[in-house]
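Data first, discussion second: the structure below is written as structure tokens.
The values are calculated or read from the model by the stated rules, or taken from the named source; none is laboratory data. Quick caveat: nothing in here was measured; it's all calculated off a predicted structure. All Cβ positions, glycine included, derive from the backbone under ideal geometry; neighbour counts span all protein chains shown.
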């Protein structure tokens, strides 16, 4: 079993990620997050928001609608430029991205190496929806990126807050793309979540380059600060002919995934493309009016979740350990009674569990099986610390705290447990 197979199996078995609509055979490119996956994903978004909004004085947040006036997508260029090249196998009529050489080569093996493809055609990625109660219904689109919701609200944000250029607008939300060949688990999906910052600056080449480089370094440092292996990360600059229609300059942060180096965040110098197309300007305190430039950081929440899972996966004999950063771990602390059939131990352990849960929220209770199996199960879901109430606890009010990564154990007084874990999580 290769690493991706192990990750997919773990995600299903332990409640991180399920195939969408699985009881009806699934639906290509759609995934559901289970209890632990929801917590992990929310923790990633929470840390991103803390870093990008709460930790700064020059960024505010919005939450724009998924469906917008179709004119937005015409003006932004998405109805004409938001495309991928498509080819169709003439033998079985399956369709693939023309630039996905690996997928095409793999498919040809199914036909004993026979090669019979249509000429590439452009394929628009916007997902159409139809609104209204009478025919003909009005055609609209599920947003293909969350970015445009920021741009159409640029004037509203400037007028209703105290922001002044340079400043940023952050947003986290769902986007949809009619992907030709979704694949590699959640990496390429038709429904996904993005976390983006649009940072507005004066139209100046020197300022644009400085800001672009600043956000490149800030974004890669954020992933490393949350435990991602720096050696598994790299920047990849987009060649001029392969940039998105809105980008002056673009680079990706890529992760060395089991299926090759793969992008999961883009930093884009969008210039005045978007605000210019929407005919939006900014007037500073000196009365100078201009169309701001935009430096964008656009990260995929689902891709980040997948790569944090892959990066943290470790095997130690038959023991699987997810070495997730404690801030990202779905469960921070698990509490056990040493023996589930000793009423005094269970009662005391419940008291400890409820006290911790009140302050730390993501605390688990486990009294199944023996203590070794409980440690094994918590290691597999990435729980950083396990607290065991034993017979010594009944004598001196101390508990055993076991560290996931080292398996070392220390005794900590119950009345100091909250402070102990809050310090570890700070």
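Descriptive notes on the structure:
- With respect to (1) at pLDDT 95 or above; (2) surrounded by 13 or more Cβ atoms within 10 Å (Cβ to Cβ); (3) over 30 Å from residue 159 (Cβ atoms), the lone exception for residue 217 is condition (2).
- Residues being part of a helix (DSSP H, G or I), crowded, with 22+ Cβ neighbours inside 10 Å and more than 34 Å from the chain's Cα centre (by Cα) - total across the stretch 373-419: 1
- For residue 241, the criteria (1) farther than 29 Å from residue 42 by Cβ; (2) surrounded by 16 or more Cβ atoms within 10 Å (Cβ to Cβ); (3) modelled with pLDDT under 95 hold in every case but one, which is (2).
- Single match in 47, 57, 39 (criterion: under 23 Å from residue 225 (Cα atoms), assigned to a loop (DSSP other than H, G, I, E, B) and assigned by TED's automatic domain parsing to the domain that holds residue 306): 57
- Scanning the stretch 109-147 for residues that are under 29 Å from residue 172 (Cα atoms), out of contact with any helix residue (DSSP H, G or I) (no Cβ under 9 Å at 6 or more places or on another chain) and part of a loop (DSSP other than H, G, I, E, B) gives 132, 146.
- Count of the stretch 99-127 residues which are within 30 Å of residue 294 (Cα to Cα) and in contact (Cβ under 8 Å) with a residue 24 or more places away in the chain: 6
- Checking 352, 346 one by one, the residue that is farther than 24 Å from residue 226 by Cβ, in the same structural domain as residue 408 (by TED's automatic domain parsing), without any contact (Cβ under 8 Å) to a residue 24 or more places away in the chain and touching a strand residue (DSSP E or B) at 6+ places or on another chain (Cβ under 8 Å) is 346 and no other.
- Residues (within 12 Å of residue 283 (Cα to Cα) and loosely packed, with under 14 Cβ neighbours inside 10 Å) located in the stretch 149-164: 159, 164
- Checking each residue in the stretch 148-164 for being out of contact with any helix residue (DSSP H, G or I) (no Cβ under 9 Å at 6 or more places or on another chain) and modelled with pLDDT of 95 or more picks out 153, 155, 156, 158, 159, 160, 161.
- Only residues that are surrounded by 14 or more Cβ atoms within 10 Å (Cβ to Cβ) and more than 22 Å from residue 184 (Cα to Cα) were counted in the stretch 84-116, giving 1.
Residue by residue, here is whether (1) surrounded by fewer than 22 Cβ atoms within 10 Å (Cβ to Cβ); (2) within 20 Å of residue 165 (Cβ to Cβ); (3) touching a helix residue (DSSP H, G or I) at 6+ places or on another chain (Cβ under 6 Å) holds:
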site: 248; (1), (2), (3): yes, yes, no
site: 255; (1), (2), (3): no, no, yes
site: 262; (1), (2), (3): yes, no, no
site: 269; (1), (2), (3): no, yes, yes
site: 279; (1), (2), (3): yes, yes, no
site: 283; (1), (2), (3): yes, yes, no
site: 291; (1), (2), (3): yes, yes, yes
site: 299; (1), (2), (3): no, no, no
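- The lone exception for residue 314 - which of (1) assigned to a strand (DSSP E or B); (2) surrounded by 15 or more Cβ atoms within 10 Å (Cβ to Cβ) it fails: (2)
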